[in-house]
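See below for the structure under consideration.
The values are calculated or read from the model by the stated rules, or taken from the named source; none is laboratory data. Quick caveat, the model's predicted, so the values are computed rather than measured. Note that each Cβ is placed from the backbone with ideal geometry, even for glycine, and that neighbours are counted across all protein chains shown. These accessible areas exclude ligands, DNA and RNA; they are computed on the full protein's heavy atoms, side chains included. Shrake-Rupley method; radii C 1.70, N 1.55, O 1.52, S 1.80 Å.
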Amino acid sequence: MTKLTQFSHGAGCGCKIAPNLLASFLESDFVPPADARLLVGNETSDDAAVYQLGDDDCIISTTDFFMPIVDDPHEFGRVAAANAISDVYAMGGRPLMAIAVFGWPTDQLGPDVARRVLEGGRFACREAGIVLAGGHSIDAKEPIFGLAVTGRVRRAHLKRNSTATVGDVLFLTKPLGVGVLTTAEKRGLLKPEHAGLAVESMMRLNTVGALLGEKEAVTAMTDVTGFGLLGHLMEMCDGSGVSARIERSTIPVLEGVYEYIDLDCVPGGSQRNWRSVASQVTALDDQQSALLCDPQTSGGLLLAVDVAAATDVSQLLRDASCYAEPIGVLRSRASDQVTIEVAD
């Protein structure tokens, strides 16, 4: 069987450009035209753009694509599509349709493999109740697949990553560790009992986001992807003007992850992510930083919840078969700088 990961230098959301480097790319003196209907742009590094169409009707627009993180073409297509659709759910919305972003090394991989990738994308779209309605393809040196997704949300249900408040309780709906497990698999070190754990997590849609969008007590939401838990929590804290304390012992982790970290199955993106946040996070050992900065592909939703409604939201997550235990709390800042305390 053709192993797709041998054709890519990176893997999944681990291909993302580091947050601090990306910020330097986006620096500009350009002043965009004012448009009061653009409710969410790129000012707070949110998951998608949101444009208001009517009094309470908004359109969500997002795109996400990357190189293979798994070897099976159909699974790669499903993972990449689920990851892209997740941005709509992270805004509290529901997807409407998608179009494909597809790059293919036509001189190295045949059309049968390409078809299986696209079929995987169609499968994920069908799970989300939408169609893959078209797209654009190029001849590329490495396989690339993803989606541009259009979604819809009522303005009252719109969730952002920058609207959390002091005292909110933090939840994470999926376990961490997909970057570590996929690295172990690529190096031939993954044990049979751990095979499939990462891909099953990545292929699972974050449909619960649409239900969370209906909850006023959910004050902020984002999905955890290439910047790792600490990177995306840092974005939430920075945009919301708060700091955070998280409890490492309550953070969900895929089985076997610590074992593979000790075997140095750590993606390069983990170190890049740690360098971006290290000055604002309490001291961590190598194992802790590798886990909390592990690049997640199609990761879970990170949400901030009014403490008074934490029990109700926990039950909603449990009913949706998501991880439902709090992982931390948001605090007031002691200075202008965000700080994240990681407690045992």
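Here are some notes:
- The accessible surface of segment 282-344, taken with every protein chain in place and a 1.4 Å probe, is 46 percent carbon and sulfur.
- Residue-normalised accessible area of segment 247-344, given per residue in Å² at a 1.4 Å probe: 45
- Viscosity 1.002 mPa s, temperature 20 °C, Stokes-Einstein D of segment 174-244 from Kirkwood C-alpha radius, µm²/s: 149
- The phi-based Karplus calculation (6.51 cos²θ - 1.76 cosθ + 1.60; θ = phi - 60°) puts the 3J(HN,Hα) values of segment 45-52 at 6, 6, 7, 7, 8, 10, 10, 7 Hz, whole numbers, x for Gly and Pro.
- Taking PRO33, PRO192, PRO295 in turn, the Gaussian network model of the chain (Cα-Cα springs below 10 Å) assigns the largest fluctuation to PRO33.
- Rg and Dmax of segment 225-268, Cα atoms only, in Å: 13.2, 38
- With both residues required to sit in the chain, DSSP beta bridges show an antiparallel share near 75%.
- Per-residue ³J(HN,Hα) for segment 319-332, Karplus 6.51 cos²θ - 1.76 cosθ + 1.60, θ = phi - 60°, Hz, x for Gly and Pro: 5, 8, 6, 9, 5, 10, 9, x, 10, x, 8, 8, 10, 6
- Calculated Rg and Dmax of segment 31-158 using C-alpha coordinates, Å: 15.9, 51
- Reciprocal mean inverse distance between Cα atoms of segment 199-304 - Kirkwood radius, Å: 14.8
- Globularity index of segment 268-344, i.e. its alpha-carbon radius of gyration over 2.2 N^0.38 Å: 1.29
- With N the number of residues in the chain, Rg(Cα) / (2.2 N^0.38 Å) evaluates to 0.94.
- Choice from VAL305, VAL180, VAL131 with maximal GNM fluctuation in the chain (Cα, 10 Å cutoff): VAL131
- Placing LYS3, LYS141 in order of accessible area, with the largest value first and a 1.4 Å probe, yields LYS141, LYS3.
- Cα-derived Rg over Rh, computed across segment 100-188 with Rh taken as Kirkwood radius: 1.08
- When you restrict to C-alpha pairs under 8 Å that are six or more residues apart and normalise by the size of segment 229-320, the relative contact order lands at 34 percent.
- Alpha-carbon centroids, segment 33-73 and segment 231-293: separation in whole Å: 25
- Selection from PRO32, VAL113, LEU96, by position along the positive dipole direction of segment 1-160 (Cβ): LEU96
- Simple spin-label estimate for SER28 and ARG245 in nanometres, 7 Å along Cα-Cβ: 4.1
- Couplings 3J(HN,Hα) of segment 295-310, computed from phi: x, 9, 9, 6, x, x, 8, 9, 10, 9, 10, 3, 4, 5, 10, 4 Hz, in residue order, whole Hz [Karplus 6.51 cos²θ - 1.76 cosθ + 1.60, θ = phi - 60°; x for Gly and Pro].
- Most mobile listed residue (ASP29, ASP223, ASP306) in the chain, GNM with C-alpha springs under 10 Å: ASP29
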